[in-house]
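Below: one structure, written as structure tokens.
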Amino acid sequence: MDNKQPLVLAFDTSCDDTSVAVLKRRKVLSSVVSSQVDIHAEWGGVVPDIARREHEKNIPMVYDEALKKAKVKTEDIDYIASTYGPGLAIDLEIGLNFAKELAIKYSKPFIPVNHMEGHLLSGLLENSKGKAFTEDVEKAKKENSDNDGIKEELFPALGLLISGKHTELIYVKKVGDYVKLGQTLDDAVGEAFDKVGRILNFGYPGGPTLTEFAKKGESGKIEFPVPMKNSNDLNFSYSGLKTAALYKTKELREEGKKDKEWVYDFCRGFMDAIVESLVIKLESAIQEYGDVRSVFVGGGVFNSEEILREIGRVVRSYGLNYVYPAKEYRGDNAAMIGLVGYYKAQLGDYIEKHEEIEKVDRVPRLSL
Ligand code: ZN
């Protein structure tokens with residue numbers, strides 16, 4: 001086995017996307033994602049039963065396509081990795097069981113991966129030529145020596161994860177060594193976007209429309225309280241903001257104003273409150289943990305260029321490396337799972353005994 005350039009086959013079915021990827025070291029040889037968003041849009045959110053059925057139907061094809069695109073066979077693979085949590089229980093097990101069966105059938109070492117660790121490290125993925133996907137990360141790579149794939153010079157770091165279900169701040173001592181500093185006490189940013197999108201009749205998912213409309217609005221016209229501004233900790237909370245948005249909508253509609261008269265400024269104000277809440281907590285963490293060299297971000301909510309840019313502004317103002325994923329790796333994908341698999345393989349953290357592989361179970365509520 002060529003340990004310097006191992007091939008990792010990775011699976012993720014933690015929510016509504018079926019995804020399989022092949023990596024060579026940190027390089028993405030293929031990353032195939034079969035999205036179900038159109039199916040779930042009809043229901044206004046992800047329906048776990050329907051997602052499971054779709055995963056079962058799609059996974060053999062997605063797996064074939066990922067291998068074909070990477071021009072490899074299962075026999076050539078060195079490690080098989082799969083998400084085992086967090087996520088929707090009945091969906092997680094489709095990808096996990098598929099991966100476990102393959103690992104046993106082909107006698108490959110198996111690596112269970114925490115989905116959130118994937119999001120956290122997704123900025124370190126590289127293209128097939130070994131270049132980072134973003135200028136910032138390529139620059140950070142050049143300036144920092146690269147110790148066989150585990151860039152110690154980038155650490156310690158802070159990690160900011162913002163996805164549909166998670167909003168977390170993490171202290172990353174190094175790859176595999178994490179301390180959670182704060183998290184949302186109720187809704188995640190992604191949930192707040194979707195719920196407010198629903199209040200405004202944007203359909204599912206609401207986030208993208210809300211983000212687009214915010215661009216057309218003017219700051220300060222409709223204001224929302226910034227959540228947890230003076231909480232003196234590193235936690236987040238978004239259910240109060242959602243309630244404030246609900247009351248504000250009622251008020252405006254009762255005044256007889258048509259939605260289109262205020263909706264852009266409304267989205268602008270809502271977005272400003274979200275961005276400010278994230279910036280305040282990130283800055284507090286940077287000041288509190290003065291030894292950090294980088295800020296890693298990950299998760300689907302970073303598909304909002306504005307959030308990515310505003311966080312970047314703060315990170316750069318402190319002279320820190322900014323490590324964030326390319327657009328296609330911000331949402332759920334198996335490439336990020338393969339990346340964690342690669343790191344774990346380097347650390348010798350994998351399972352070889354078939355009876356041990358069989359015992360690996362999904363953990364729907366898994367923490368970093
Ligand atoms: Zn995710």
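The values are calculated or read from the model by the stated rules, or taken from the named source; none is laboratory data. Keep in mind that this is a model prediction, so the values were computed, not measured. Cβ atoms come from the backbone with ideal geometry, glycine included; neighbour counts cover every protein chain shown. Only protein heavy atoms, including side chains, enter the accessible area calculation; ligands, DNA and RNA are left aside. Shrake-Rupley method; radii C 1.70, N 1.55, O 1.52, S 1.80 Å.
For region 328-368, the set of trypsin sites (Lys or Arg not before Pro) satisfying both a DSSP loop assignment and a count of at most 13 other C-beta atoms within 10 Å is given as LYS353, ARG365. Summarising the amide proton neighbourhood of LEU181: residues at separation of 5 or more, or on other chains, whose placed amide H is nearer than 5 Å comprise LEU169, ILE170, TYR171.
Normalised per residue, the accessible area of region 99-208 is 39 Å², obtained with a 1.4 Å probe and no contribution from ligands, DNA or RNA. Pop out the carbon and sulfur fraction of the accessible area of the chain as a percent, whole number, probe 1.4 Å. The nonpolar share, carbon plus sulfur, comes to 47 percent. Ligands, DNA and RNA excluded, the heavy atoms of ARG293 present near 110 Å² of accessible surface to a 1.4 Å solvent probe. What residue among LEU185, LEU241, LEU92 shows peak mean-square fluctuation when the chain is described by a Gaussian network model with Cα springs under 10 Å? The residue that fluctuates most here is LEU185. Give the Debye-formula value of log10 I(q)/I(0) at each listed q (0.11, 0.12 Å⁻¹), with one equal scatterer per alpha carbon of the chain, two decimals each. Debye output, listed in q order: -0.75, -0.88. Among the chymotrypsin sites (Phe, Trp or Tyr not before Pro) found in region 15-114, those both in a DSSP coil and sparsely packed, with 11 or fewer other Cβ atoms within 10 Å of their Cβ, are TRP43. Considering all alpha-carbon pairs of region 157-323, what whole percent are spaced by more than 24 angstrom? Roughly 34 percent, rounded to a whole number. Comparing Cα centroids, region 58-77 and region 176-246 end up 38 angstrom apart.
Here the gap between LYS173 and GLU101, fully extended at 0.36 nm per residue and compared with their Cα-Cα distance, gives a gain of 22.5 nm. Proximity of backbone amide H atoms, modeled 1.01 Å from N, is registered between LEU29 and VAL22, LEU23, LYS24 at under 5 Å, excluding neighbours fewer than 5 places apart on the same chain.
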